[in-house]
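Everything below concerns the one structure shown next.
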Amino acid sequence: MWVLWALLRGRGNPLRRATDRREAWVALGALLLLVVGAPAAGWAGGAVADAALQRSVRAQHAERHPVDAVVVGPAGRERFAGDPEGGVERAARTWVVASWEAPDGSPRTGEVATASRPGPPGFPVRIWTDAAGHPVPPPMDGSTARTHAVLGGIGTFLLAAACVEAGRRLVVGRMARRRYARLDREWAEAGPDWGRAGTGG
């Protein structure tokens, strides 16, 4: 609103420079981009990220399968168990040595991560494996994917807004430098006659 006021203020004022009007128009364009363009960019970025992440969710759920395993013993060392895509589940996952059956019926044994609280040897736990029976992190859930997409949209909006403001500052800065350069030239041309007005010389 203040930009429109700046454009309309003093339209008939002879002291108002053309550069003032141009700077006001630049500010109005930047404001429109911030109000319309940046949110649109954020929405588009979030929508693209959500579509890609939802495809990833479907692919992971198609490729990874829950399997019932049996605890053989504790893992040899403690380590972080979790998939960066796994959402809130990852904080509750622990490592154990377990045995399970691959899809082809062959027995498998190894260190696996599980969200179940492991018990003594022989205790059943739920793990995730791929089509070959190898242990894998659990698939990402849809709500976690949507959260990542929203954060991506917000990041896109902030980046777009920063680019608009940077562009505005760059354009206004160049306009100001040109104005000062023109004033310097005019001052230099008027310099030899400074103080001589009205002397009749």
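Taking the conditions (1) modelled with pLDDT of 90 or more; (2) farther than 28 Å from Ala160 by Cβ in turn, Ser116 satisfies each one other than (1). The set of residues in region 28-72 that are assigned to a helix (DSSP H, G or I), surrounded by 17 or more Cβ atoms within 10 Å (Cβ to Cβ) and among the small types (Gly, Ala, Ser) comprises Ala30, Gly37, Ala38, Ala41, Gly42, Gly45, Gly46, Ala49. Of all the criteria given as (1) at pLDDT below 90; (2) within 30 Å of Ile154 (Cβ to Cβ); (3) more than 23 Å from the chain's Cα centre (by Cα), the one not satisfied by Gly82 is (3).
Go through (1) part of a helix (DSSP H, G or I); (2) surrounded by 12 or more Cβ atoms within 10 Å (Cβ to Cβ) and name the single condition Arg177 misses. Every condition holds for Arg177 apart from (2).
Within the group Arg117, Arg174, Arg146, Arg185, which residue is more than 37 Å from the chain's Cα centre (by Cα) and not aliphatic (A, V, I, L, M)? Steps first, answer last, please.
Details: Arg117 fails: more than 37 Å from the chain's Cα centre (by Cα); Arg174 fails: more than 37 Å from the chain's Cα centre (by Cα); Arg146 fails: more than 37 Å from the chain's Cα centre (by Cα).
After ruling out the rest, the residue left standing is Arg185.
Residues that are without any contact (Cβ under 8 Å) to a residue 40 or more places away in the chain and assigned to a loop (DSSP other than H, G, I, E, B) within region 134-174 comprise just one, His134.
The values are calculated or read from the model by the stated rules, or taken from the named source; none is laboratory data. The structure displayed is predicted, hence computed values, not measured ones. FYI the Cβ positions are ideal-geometry reconstructions off the backbone, even for glycines, and counts take in every protein chain you see.
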